[in-house]
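Peer 1: Take a look at this one; I'll ask things after.
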């Protein structure tokens with residue numbers, strides 16, 4: 001499992017409105033494409049470079065495809081990254097602050113200590 005890779009997915013998808021829409025309408029296809037094309041791209045390099053070793057675990061892939069922010073958090077994905085992306089995905093389907101309240105309610109069963117979200 002890689003918290004880094006989960007957070008990288010959440011961050012890069014959230015920063016691109018077209019990817020947000022793609023992930024909203026075709027989560028399985030988007031996760032597969034992203035893992036094959038972006039996961040191993042070294043983002044901080046001025047010259048494009050690729051790594052070869054990073055892959056989602058089956059559990060991570062399943063949680064991403066299911067848009068399951070609770071499981072992602074339990075795996076260590078940063079809650080601010082899931083919240084901002086999931087607001088972009090689903091807030092339009094709800095009234096003001098309704099999605100944020102549902103997001104929080106779904107995580108209400110979690111107690112301290114929370115999963116480690118340091119990177």
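Where a number appears in this text, it was derived from the coordinates with a stated rule and is not lab data. Quantities reported herein were computed from a predicted structural model and do not represent experimental measurements. Heads up, the Cβs are rebuilt from the backbone with ideal geometry, glycines too, and the neighbour counts pull from every protein chain shown.
Peer 1: Along the Cα→Cβ direction, 7 angstrom out, place labels at residue 28 and residue 91. What is the inter-label distance in nm?
Peer 2: Taking the simple label geometry, residue 28 and residue 91 are separated by 3.0 nm.
Peer 1: A follow-up question, please. Expected output is a single nm value to one decimal: the length gained when fully extending between residue 74 and residue 106, i.e. 0.36 nm times separation in residues minus the C-alpha distance. What is it?
Peer 2: Length gained, residue 74 through residue 106: 10.3 nm.
Peer 1: Counting alpha carbon pairs within less than 8 Å and at least 6 residues apart, what relative contact order, in whole percent, applies to the stretch 3-106?
Peer 2: 31
Peer 1: In addition: Expressed in nm to one decimal, what extension gain is obtained for the pair residue 21 and residue 58 from 0.36 nm per residue of sequence separation less their Cα-Cα distance?
Peer 2: The residue 21-residue 58 span can extend by a further 11.0 nm.
Peer 1: Can you tell me the order of 54-63, 74-83 when each peptide is scored by its average per-residue count of other Cβ atoms within 10 angstrom, highest first?
Peer 2: Ranked by mean Cβ neighbours within 10 Å, highest first: 74-83, 54-63.
Peer 1: Compare the peptides 4-14, 18-28, 101-111 by average per-residue count of other Cβ atoms within 10 angstrom and give them in order, highest first.
Peer 2: Taking the mean over residues of other Cβ atoms within 10 Å, the ranking is 4-14, 18-28, 101-111.
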